[in-house]
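Novice: Structure in structure tokens, see below.
The values are calculated or read from the model by the stated rules, or taken from the named source; none is laboratory data. Just so it is clear, the structure is predicted and the values come from calculations on it, not from any experiment. When we count neighbours, we look across all protein chains shown, and the Cβ atoms used for this are built from the backbone with ideal geometry, even at glycine. Quick note on the areas: whole protein, heavy atoms, side chains included, nothing else; ligands and nucleic acids left out. Shrake-Rupley method; radii C 1.70, N 1.55, O 1.52, S 1.80 Å.
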Amino acid sequence: MNNIAIKVENLSKIYKLYDKPQDRLKEALNPLSNENKEKLRSLEILQKCRIYIKNGWIDLAFNLAKDIQDLCKKENCELPTVYVLDSKYGEFEFDYSDDNFSKHIQKEILDLVNIAEDKSLTICEVCGEAGENRVFEGWYYTSCELHKKEINFEQLEIIRKAKNLIQQTEK
């Protein structure tokens, strides 16, 4: 008879090295899977922006960025600078600069962004299924029925404070 309570095989430990202490904090606060980070970073337009969205909005963000990138290629113009992908009041936020574009291109980009931001109010931030914008104790978020109770509001407050700290250290 074998009295093994726990058996572990092929276990490993990874020690990550970071250039700056805030890089460790950024990674800890970013709720994206590595696969989704790579998907977003595969687009040139998103390679340098900060990303604070959850996995449920990956396709929304990717499709928006791809549409803008394709538009710029078609119009033979440079890409806008994208600063951050975030959630604000439970709505997807695509923060960018389009100062160097004609009014026509600015309008087309703004239309794409507005459509994506509006659509985000109907997509669960966590899983990507149909959702709705909700408010709980002053916190706005968008979720499906399954994930409406999984939002950790203490963690959201910590994340908000950490984002502010990161933004201050990057200035």
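Novice: So, of the residues in the stretch 98-136 that are open to solvent by less than 80 Å² (accessible area, probe 1.4 Å) and acidic (Asp, Glu), which turns out to be farthest from Asp67 (Cα to Cα)?
Specialist: Among them, the one singled out is Glu125.
Novice: What pairs come up if the first residue lies in the stretch 55-82 and is within 18 Å of Glu93 (Cβ to Cβ), the second is of a type in the set (S, T, N, Q) and crowded, with 17+ Cβ neighbours inside 10 Å, and their beta carbons are under 8 Å apart, counting only those six or more places apart or on different chains?
Specialist: Asn55/Asn36; Trp57/Ser87; Trp57/Ser120; Ile58/Asn36; Leu60/Ser120
Novice: Which residue, of Lys107, Lys161, is closer than 30 Å to Pro21 by Cα, part of a helix (DSSP H, G or I) and free of Cβ contacts under 8 Å to residues at least 24 places away in the same chain?
Specialist: The conditions single out Lys161.
Novice: While we're on this one: Just need a number here: residues in the stretch 97-134 that are modelled with pLDDT of 95 or more and hydroxyl-bearing (Ser, Thr, Tyr).
Specialist: Matching residues across the stretch 97-134 total 2.
Novice: Sort out which residues of the stretch 63-77 are assigned to a helix (DSSP H, G or I) and open to solvent by 40 Å² or more (accessible area, probe 1.4 Å), and write them in order of number.
Specialist: The answer is Asn63, Lys66, Asp67, Gln69, Asp70, Lys73, Lys74.
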